[in-house]
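Participant: The structure follows.
The values are calculated or read from the model by the stated rules, or taken from the named source; none is laboratory data. None of these values were measured; they are calculated from a predicted model. Every residue, glycine among them, receives a Cβ derived from its backbone with ideal geometry; neighbour counts consider all protein chains shown. The area values use the complete protein model at the heavy-atom level, side chains included, leaving out ligands, DNA and RNA. Shrake-Rupley method; radii C 1.70, N 1.55, O 1.52, S 1.80 Å.
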Amino acid sequence: FRIASSRTDIPGSPGGWDIYRAVRPTPHATFGPISREPGAICGSTNDLGHHFMGDELTAYVANAQGGGVGGHDIWVFTRTSPTGAWSTGTNLTAVNSSGTDYCVTVTDDHLEMYLTRSGVLVRSTRTSTTMSWGTATPVAELNAPTLAANCYMPSISGDGLTMFVCNSGLSGGLGSYDLYMTTRAHRSQTWNPPVHLMSISSTASDHRPAISPDGRQLFFASGRP
C-alpha cells in the first residue's frame with residue numbers, strides 16, 4: 001500500500017511530497033510501519049499521483065523533475081524484480097502537457113491509462129506493451145459539458161470496466177468532493193454516468209480513491225473528523 005505525503009517525521013525525505021509504503025502479510029492483516037519508497041522514484045520535487053502495477057515492476061508517478069514537458073508530468077519507472085532498484089524515470093512525453101498532469105491509473109494489461117490534467121479527466125491508450133503511449137485526450141462523457149462538473153483523480157479496476165472518481169459539482173453531493181463509480185460492459189464502450197457512492201462519501205472532502213487489485217477494498221483520502 002502506498003501514499004503520497006509531505007510528512008517530516010521520517011528521516012531522509014529528499015523534498016516536498018514523497019511516496020511512502022506499508023506492507024502486510026495478508027489482505028486482512030494490519031499494515032506494518034510506513035517507510036519512504038526507496039530508489040529513484042522519490043526525487044527533489046513533489047512526487048505524487050502514483051500508480052504501481054501489481055507485478056511491482058512498473059510504476060507511474062507524477063512529479064516536476066527537470067526534463068519534463070510542463071509542470072507535473074507522468075513518468076514511468078521500471079525494475080527487473082519486485083525487490084530490485086527502480087530505474088531512472090522516463091517522461092511520457094506523448095501523454096503529458098504544458099499543464100499539470102497527475103493522479104494516473106492504468107489497467108492491468110498496461111494498455112489503457114487515465115489521469116487528471118489541469119482539472120480534466122483524460123485518457124491514453126496503446127495497442128501493445130512494446131508501443132509508446134498515445135496522446136492523451138479528454139474523456140467526453142466524464143467531463144463538462146456532458147456532466148455538470150469534471151471528474152477527477154481516477155482509479156480504474158484491473159479489467160478496465162469499473163472506475164472510481166471524485167467530483168464536487170454533481171447533484172446530490174454531500175461535501176466539497178464526493179466519491180463516484182462509473183462502469184462499462186466492454187473496453188470499447190463509453191463510460192456510464194457516474195453513480196454517487198453515498199454510503200462512503202461524507203460532508204467533508206473525500207477524494208483520491210484507490211481500488212485494491214481484487215476489487216474488494218477501496219481506500220481514499222478524507223477531511224472528515
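Participant: Give the residue that is farthest from Phe77 (Cα to Cα), with candidates limited to residues of segment 40-58 that are open to solvent by less than 50 Å² (accessible area, probe 1.4 Å) and at pLDDT below 90.
Facilitator: Thr45
Participant: Ok, one more. Kindly indicate which of Thr135, Thr129, Thr146 is touching a helix residue (DSSP H, G or I) at 6+ places or on another chain (Cβ under 7 Å), open to solvent by 40 Å² or more (accessible area, probe 1.4 Å) and part of a loop (DSSP other than H, G, I, E, B).
Facilitator: Thr146
Participant: Answer with yes or no whether Ala22 is within 25 Å of Gly134 (Cβ to Cβ) and open to solvent by less than 50 Å² (accessible area, probe 1.4 Å).
Facilitator: Against the criterion (within 25 Å of Gly134 (Cβ to Cβ) and open to solvent by less than 50 Å² (accessible area, probe 1.4 Å)), Ala22 does not qualify.
Participant: Going by the structure shown, is Thr105 outside any loop (DSSP other than H, G, I, E, B), in contact with a strand residue (DSSP E or B) (Cβ under 8 Å, 6 or more places away or on another chain) and β-branched (Val, Ile, Thr)? Steps first, answer last, please.
Facilitator: Details: outside any loop (DSSP other than H, G, I, E, B): yes; in contact with a strand residue (DSSP E or B) (Cβ under 8 Å, 6 or more places away or on another chain): yes; β-branched (Val, Ile, Thr): yes.
So Thr105 fits the description; yes.
Participant: Just a yes or no: is a residue in segment 192-209 touching a Leu at 6+ places or on another chain (Cβ under 9 Å), open to solvent by 50 Å² or more (accessible area, probe 1.4 Å), modelled with pLDDT of 95 or more and in a loop (DSSP other than H, G, I, E, B)?
Facilitator: The answer is yes; a qualifying residue exists.
Participant: Taking the conditions exactly as written (surrounded by fewer than 21 Cβ atoms within 10 Å (Cβ to Cβ) and within 19 Å of His72 (Cα to Cα)), does Gly99 satisfy them or not?
Facilitator: yes
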